[in-house]
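See structure below.
The values are calculated or read from the model by the stated rules, or taken from the named source; none is laboratory data. In this text the structure is predicted, and so the values were computed from the model without any measurement. Glycine gets a Cβ as well: all are built from the backbone with ideal geometry, and neighbour counts include every protein chain shown.
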Amino acid sequence: MKNLFASVLLLSVGSVKAAVVSPAGYTLAEGNSSSSTPFNQTDVRMQQVYVASDFDFVTPGWIRAIQFRVDGGGLGQDFSNVTLPNVQINLSTTLRQPDSLSPVFQNNVGVNDTIVRSGPLTISGRNIHLPGQANPFEIGISFTTRFFYDPAQGNLLLDVRNFMGAATTPFDAVNAAGDSVSSLFAAGVNSPSGTLSTLGLVTRFEIDPVPEPSTWALLITGLAAFALCQRKRRTRKR
């Protein structure tokens, strides 16, 4: 009975996961641009902001990984198990809007700034040339520290410092004013300021949502009813 109860709880809670692609609308569609910043350069810093509304259908949750994809518009090339010796990735919640980042890096960083990964990073990606489709999100980066993100508190800021690069390839990106992403970049990880751009890498986020209280209540009620039913069945058998 206890084992069955635990299995039901795991199935109901542990298997809940979500994925968000930002900018919205580019899950399968190729972006109109590409970017070598920051994963195909050395000694570079990049911030990218993602509008909170792209995450609206996901309850607040823990971001545990991000994925990018090789540009399929003509510049992207296959690369396999390329190790970038030293990369630091931070996430924070910011009140800055797309196309309204400050040129000063520190002014964009939220109070919950968190290092989600730091050190060597090995990545791979392919340009598959699927007719009419973008490449799959194969350039995966898992976090060593998850980041709790609540879209109701603001937009999401990705902050990447690539201290020592290696040759990868241009990634798929979108360059359009008024969309849900924009960026800031500079040569030199310690640069206090940089160049603003409407460009943004198409990014897929892996999220472990935190169920809302009503969801937990429904789950607990259902499990309690299941346990009561099992107890009554045992009583009738005696």
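Every residue, every condition in (1) in contact with a Ser or Thr (Cβ under 7 Å, 6 or more places away or on another chain); (2) touching a residue at least 24 places away in the same chain (Cβ under 8 Å), yes or no:
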{"residue": "Asp99", "(1), (2)": "yes, yes"}
{"residue": "Asn107", "(1), (2)": "no, no"}
{"residue": "Thr114", "(1), (2)": "yes, yes"}
{"residue": "Ser118", "(1), (2)": "no, yes"}
{"residue": "Ile128", "(1), (2)": "no, yes"}
{"residue": "Pro131", "(1), (2)": "no, no"}
{"residue": "Glu138", "(1), (2)": "yes, yes"}
{"residue": "Ile141", "(1), (2)": "no, yes"}
{"residue": "Arg146", "(1), (2)": "no, yes"}
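Tell me yes or no: at least one residue of the range 87-103 is exposed (fewer than 15 other Cβ atoms within 10 Å of the Cβ), touching a Pro at 6+ places or on another chain (Cβ under 9 Å) and not basic (Lys, Arg). No, there is no match, as no residue in the range 87-103 is exposed (fewer than 15 other Cβ atoms within 10 Å of the Cβ), touching a Pro at 6+ places or on another chain (Cβ under 9 Å) and not basic (Lys, Arg). Selection of the range 58-82 for residues being over 22 Å from Ile128 (Cα atoms) and either out of contact with any strand residue (DSSP E or B) (no Cβ under 8 Å at 6 or more places or on another chain) or surrounded by 21 or more Cβ atoms within 10 Å (Cβ to Cβ) (or both) yields Gly61, Ile63. Restricting the range 92-124 to residues that are in a loop (DSSP other than H, G, I, E, B) and either at pLDDT below 95 or within 20 Å of Phe163 (Cβ to Cβ) (or both) leaves a set whose member that is nearest to the chain's Cα centre (by Cα) is Asp113. Being of a type in the set (Gly, Ala, Ser), surrounded by fewer than 15 Cβ atoms within 10 Å (Cβ to Cβ) and closer than 28 Å to Gly74 by Cα is the filter here; which residues of the range 114-131 pass it? Residue satisfying the conditions is Ser124 alone. Listed by first and then second residue, the pairs linking a residue in the range 155-168 that is without any contact (Cβ under 8 Å) to a residue 12 or more places away in the chain to a residue that is buried (at least 17 other Cβ atoms within 10 Å of the Cβ) and aromatic (Phe, Trp, Tyr), with Cβ atoms under 7 Å apart and 6 or more places separating them unless they lie on different chains, form an empty list.
For the range 192-209, state whether one or more residues are on the phi < 0 side of the Ramachandran plot and at pLDDT below 95. The answer is yes, given that some residue of the range 192-209 is on the phi < 0 side of the Ramachandran plot and at pLDDT below 95.
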